[in-house]
Structure formats: structure tokens, C-alpha cells
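Report on one structure; see the data block that follows.
The values are calculated or read from the model by the stated rules, or taken from the named source; none is laboratory data. What you see is a predicted model; the values in this text were computed from it and never measured. Note that we place each Cβ from the backbone using ideal geometry, even for glycine, and neighbour counts take in every protein chain shown.
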Amino acid sequence: MNIAITNGLLLMPPAFRGGLATWSRTDGTPGSPTWGTADNAALVPADQDFGTCLEVMKQQTTTSIRFMGETPMIPGVYLRVSARIKAVAGALCSARIAGWAGSGSRARVTGLVDVGPTVPLTTYGDVVEISAIVGIGSRRGVDMAWGTGPVYGHFGLDLVGANGGAFRIESIRIEDVTAAFIPSLIDWVDVRDFGARGDGVTNDRAAFIAADQAANGGSILVPEGTFFISGDLGISSPIRFRGTIRTPDSTRVSFLQSFDFPTYADAFGSETLGMKKALQALFGYTDHVSLDLCGRRVDLDEPLVVGALAPDLTGFSNRRVICNGSISAKAGPAWDTGRWTSTGTYDPAQPLRLANVANVAAIEVGSRIIGPGVGREVYVNARDIAARTLTLSQPLHGGAGTRGYSFERYRYMFDFSGVEVSRLNFVDLDLNCEGVASGIMLPPKGEMIALRDCYLTKPRDRGITSIGRGCQDMLVDRCQFLSNEMDLPAQQRTTVAINVNANDVKMRDNRFVRFAHFMVANGGGHIISGNHWFQGDGSGDGLRYAGLVLTRPNVQTTINGNYIDNASIEWTNEHSEQPNFTGNEYSFGGLTINGNTCLCSNTAPWFTWLTIKPYGTGHFIHGLTVTSNVFKALYGDVDRIERVDTSVADLNYNNMRNLQFEGNTFNGVKSYVSNPLMLQHNQTSTSTSWTLPVIEGLPFKGWAKSVQSVIAETAITNAAGARVDTAPWVQTEIGTTKRQLRLNWPSAVRGRVTVYARMDRPQ
């Protein structure tokens, strides 16, 4: 075909001056009669309106002019067939665009609309344009919607009506007009069409709003360029970015239909900035609940400090979710730990305040305080620069005085230290700290923050840190925490996976590997169930330290069904401003340890799985259940499963009550420990006073305070061998250690008895 090219398609028929042999008098199919041999048609060389044109004398009711070339029908392409025509003499008629639809087998496709609108010719010499649009799709403005059956067409025009008139026709045109249908085809609008400049200076906010309104259910395209937006912006339509946007820090941008991390990363041209602005929107609106990373990896080059990116956010309690992706820290100075030293005055009467703090303005909220009399995981919760005071997450046990302290401010991928947030969920995330950053700093206040099915890997200093009560009711389920100190001996590790200060934390079905401590927990009401914490190393006869540290004496906590692997449970009162027992408080109690698997290997023989360390005098145990656990030592026995760390103070063994140590299994443990404890004593010589050996098997080497029963296993006989039917009376707390019992008989006897001894009294 001798045709012009439009979008790669050969469409335009040849002009009439090129000859009439390619123009059919019927349907345009091969073999049909042409106008080249017709006696009622001729070329007019110089019409004043058309130049060279075709003049036809109408002799048939429907006089057809069809291009015999095959014009292709392509999905998504719309064609405009048009012609200009005028009546010059004789009877007037009407004109229309018409076509013949052909299939791939060269057969006519029937049942289609194959003519366009009919236009009457009413005046001689007036030029009239007729046209019709043909395409596959049935869209508004399409006159001949042919569907997918036809693959080509023969197009031209029809003269219909009265015969006997003469008509002149300019060359017929076939044009690609798909562009006119693009808005309905691709369903998007371009912000440039609504005045956006994209020069990085002009405020394009109004143009974005106008495009959003005009989209009418479609999408918005942001083309190449930098579009400055000043003032909060909410976009209700789906949006796609080729260019980027730039905003002041305080401007919130919310993509209500495209609220996901990839969109924000594209919008701001930076993964870190995109994540910041997405979080800003997440906590600034109620229209979206979940920030979906869409399986993407986010590389952070600085911490996400929520209080800085949303400075007017003081509290937020609606449920929010961050989910489905990987977040990694990229090394850089933004992750450097802040360090300061200062002096401060502590008064136990104000247990959470450090007063007269030198250089208080330099010390950041969220800093860990280190110094004499400071327990583990004590943080700066707030500060008052004018008053020179710091508010602490926990009291100090060191008593009143002015002392020097160190402060360390770790850098976290998610830092909520400046806001109050509740009901925040981290779900299906990889938090890759890469030894560069710490994981999550919880808000000073909040509740029901949850982690589920997450991996927190290689935190530089801390995994999850609570600096106040933002850990209230926290849930951590089915997560894995991997230390950055895997290759270090246990005694050289400093990282802590989790600390909590508030109550009712649930730790369930998690795995913690080779931290200094997997959890340092104040508060009570915790449920620690189904976890595996492992803190061994490759050294022979290595030291083993506490995996779980409980810092409240009356802890009201259940530890059930865990795998406690080369680590211990340490129970202290190091977060008490008055560590000595005063008589008006609870001492160590409310702890249940049940159904756990406790293992150690290649460790020192003095290792124990349960250690109580009082930081003051006078304390005792008044409620401890250790039942149905398995204790097993491999590659070297250990002496016992429990002990009291007396480096600061010892327990008051006289006040012990309500300890249940029963039904436990011991392997590789030298001392069987139980309360009550079954003792066998075989008296071979007759005596009225039987003194039993020092008892080693009572928990914590407690005193022999009571006896539940004395049962004769053999006949009790006198010197003559005669049976004596009598019962002894018992003396407890015998000897310098008070760990012996004495059985007193009415007469001198001998025999073997079983004694059930206790180191406590129930009341």
C-alpha cells in the first residue's frame, strides 16, 4: 500500500490522482469492479476546494467507494475514516463512512455495524466532512465497534438516497486516533496537565490536588522532575512516580490508595527518606492501618526517629502495623553511640529522679545509665534541663549520694523515645542490624506493642529496649534474635536482646542465640513460654551467665516449656531503691518454673540454672515452684541446679516458706534437690538420739526447718534385737549449718528410717 506511516501502521489510502484502479465500486474485496473502468466517474484536476478530486454521477441507490487495500484492525488501536464531499449538480443525497470487515480467512464478518452516521448534503457547493471511528473496543465515541473477529477492513464511503446528482469527493483519509482514547485506555492523569512545574521550587500542591480530583477512579502519573510540595497532602487515587517529590520536614504526604513503602521510596527518591515519610503518614492519619514493605529490602543510613519526623505527635493509640519486608542498617556516622559522663545526686525518697545533673542538656533521652548502685538496663526516660534532673526507668539500689555516672545512647533503627505509642505491630520483618545499629527503642509510654514472626539479627548493643512503660502488655511471638557476639566467649558479651519495665509481657515461641542476656525483666505478670535461649560458646569448662534476669523480687511470673540452654535464670532486686528488706514489702516470691528443658555442656561445675541474688539484707523466698523440669549436664557434671549469690547479701533462711521443688529430672547433677526431700538414715548402733548428716539436697542449701514424716523402713529394735513400737520426736535446724535433723527416741534403738524434710514452713 502506498500509504503514510502513523505509529508504525500503514493506514492512509492513496490519493485519487494516483488512479482509480485501487477503488472498488462495491465492497473493496479482490475482484470487485473498480472505479477505474466506470463511465460515471472522472478525475477533476483543479477543483477550487479540493484540487484534484473524484467526481461521481450517482446512478445507484447506494453508490459505494471502497479502498481495496486491507487496513489492519489491531487491539487498542482506533481509526478515524473521513472524507470531504460536496454536491455540484442534480438531485441531492446523503453520505456516510462505510466499511467491510474481513476475518483471518478472508471471509466477511457479519452482524457488525459497518456504516457511520449518515450526513445529508443540502446545498450545492458547500463542503461537508463526514467521518466515523472504527476499532475493536466498544467505547464512547466509536461508531463501528467490531470486536476481535475482524483482522482487517476495506473502508470508504457510501452515497445513499436519490439518484441523478453529481458529487465531488476529496481523497479519503484513514488516521490513527488512538491518542484520543488514551485517558480511558490507561486510566491515568499526568500532574503536568494540571499545572505542576516539577522544577523543585514551585509549590505543586494545588496541581496534585487537581489531578487527584480529575482522576475520577483512575491513577495519577508523576513524570520526570522534582515536584516541591509544601503543606499536608492527601492523594486518594493510586499514584505512580517517575519523578520525585520534595517537601519540608513537617509536611505529611499520604497516598491513601498507594500506601506502601515502594511508592514512598519512589516518591522521595530515597529508601531512608521514603521510610521516614511513610511512618510520618502512618502516625498522622487514620485512613491507613498497615505500612506494607511489599517484600522489599530497605537500606537505612540513619535511625528512624519517630518523634523527629512527626514532631507534633504526642500520643497515638490506634492500631498500626509495619510488615512484610527487610530493613537493614548501612554503616555510617549516624549510628555512632553517644557517650557522656556526669555527676548526679540520688535520693531514694524520689526513686526515679536523678538531681543536680551536670551538663544535663547533653544527655539524651533514651541513654543507659552506668555507675555504682545502678542495676542492669536503667535508662533515661525524660529530662528537665531547667531543673537539671533526669527521670529514670528504674530506681537505683546504691542509696543516697552524689556520684559520677556514665551515659550511653545507642542508635536504633526504630526509635520511639519521643512519642507515646500503643498497639503498634511489627509483623513478618527482617530487622538486619548488621552490627551497626540496635533494633527498636520502645516509647516511654504505651501498651500492646507486638512483634510477630520477625527476625532481629546482629544488634550492635540492644535488640528491643524499653526506657519506660511502653512495654506494658508487650507481645513477642515466634521471633528469632541472633547476637552480634556469636564468636565471643560468654563472659565477653555485652548485648541484651530485650528489656522490660512494665507488667504482663508475653514471650512465646522465640529463639535467642548467644546474647549476654536474652531478657532483663522488671515488672510482673509475665508469661515466658516455649522459647529457646542459648548462650553457650566453644570454650571448655566455659562460664555461663544469666539468660533471663528478673529484677523484681515478687515477680508473679510463669516460665513454662522453654529450652534453657547453657544459660541460667537470675532473680534479683537490683531495681529497688531500698534493697534491704524492710518488713512492709514482698520479698522473693510468685515465680513458677515448670516443664522446662535445662541443658548445659562443657561448663564449670559451679554453674547453676537458677540463681537468686539479693542486693540487700533480710530477704527470703515466699513462693517458688520448680516442678517437672529436666536438668541435664553434658561433658562434665555440675554440682547443683540452684544457688544463692551472696556477693552482696545472703537470704534469711529462717523465713522461707511455700517452696515446691518436685518431680524434676536430674542428669549429670551431683546434688539431687527437692523440697520436700526424702532422706534415708540407717542407724547401726542403738541410741536415743539419731543425728542425721548435713543435708545438701534442700533448695539453696536451706535450713532443715521442718519434717513432714518419719517412716520406719525396718523394724526398730533395741540392743537385744527386740522390736520397739515407738515413734521419735524431731529436732530441726541442728548443727552450725542448721541443715541437720535429730530424731529422739524414748529408749536406745536402731534401724532404718525415711525422713521427708523441708527447708520451709508453709505459713
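Screening Asp199, Asp143 for residues that are surrounded by 13 or more Cβ atoms within 10 Å (Cβ to Cβ) and of a type in the set (Asp, Glu) leaves exactly one candidate, Asp143. Of all residues in the stretch 45-66, those satisfying the criterion of being touching a residue at least 24 places away in the same chain (Cβ under 8 Å) and either in contact with a Pro (Cβ under 7 Å, 6 or more places away or on another chain) or outside any strand (DSSP E or B) (or both) are Asp49, Phe50, Thr52, Lys58, Gln59, Gln60, Thr61. Do we find that Ser367 is modelled with pLDDT of 95 or more, under 27 Å from the mean Cα position of the chain (by Cα) and in the same structural domain as Gln350 (by TED's automatic domain parsing) in this structure? In short, yes. Looking at Thr251, Thr272, just one residue is closer than 27 Å to Gly366 by Cα and in a loop (DSSP other than H, G, I, E, B), and that residue is Thr251.
Of everything listed in (1) under 57 Å from the mean Cα position of the chain (by Cα); (2) part of a loop (DSSP other than H, G, I, E, B), the single unmet condition for Pro693 is (1). Assess whether Val673 counts as being within 43 Å of the chain's Cα centre (by Cα) and free of Cβ contacts under 8 Å to residues at least 60 places away in the same chain. No. Those strands (runs of 3 or more DSSP E) of the stretch 360-426 in which at least 1 residues are farther than 17 Å from Arg339 by Cβ, considering only elements entirely within it, cover 380-384, 389-392, 401-409, 412-415. For the stretch 620-629, the set of residues classified as within 14 Å of Asp760 (Cβ to Cβ) and crowded, with 18+ Cβ neighbours inside 10 Å consists of Phe620, Ile621, His622, Gly623, Leu624, Val626, listed by residue number. Scanning the stretch 430-453 for residues that are surrounded by 24 or more Cβ atoms within 10 Å (Cβ to Cβ), outside any strand (DSSP E or B) and of a type in the set (A, V, I, L, M, F, W, C) yields Cys433, Ala437, Leu442, Ile449. Filtered by the rule that a residue be farther than 19 Å from Glu485 by Cβ and more than 35 Å from the chain's Cα centre (by Cα), the stretch 541-575 gives a lone residue, Asp541.
If the condition is being buried (at least 21 other Cβ atoms within 10 Å of the Cβ) and either at pLDDT 95 or above or closer than 14 Å to Ala83 by Cβ (or both), then the stretch 124-140 contributes Ile130, Ala132, Ile133, Val134.
Out of the strands (runs of 3 or more DSSP E) lying entirely within the stretch 601-685, which hold 3 or more residues that are under 18 Å from Tyr756 (Cα atoms), of a type outside the set (S, T, N, Q) and touching a Pro at 6+ places or on another chain (Cβ under 7 Å)? Those strands (runs of 3 or more DSSP E) span 657-662. Cβ-Cβ distances below 6 Å connect the following pairs, each with a first residue in the stretch 95-120 that is surrounded by 13 or more Cβ atoms within 10 Å (Cβ to Cβ), a second residue that is of a type in the set (Asp, Glu), and a separation of six or more residues or different chains: Arg96/Asp158; Ala98/Asp158; Gly99/Asp114; Trp100/Asp27; Gly116/Asp143.
For Ser254, the test of being surrounded by fewer than 16 Cβ atoms within 10 Å (Cβ to Cβ) and not assigned by TED's automatic domain parsing to the domain that holds Val365 is failed.
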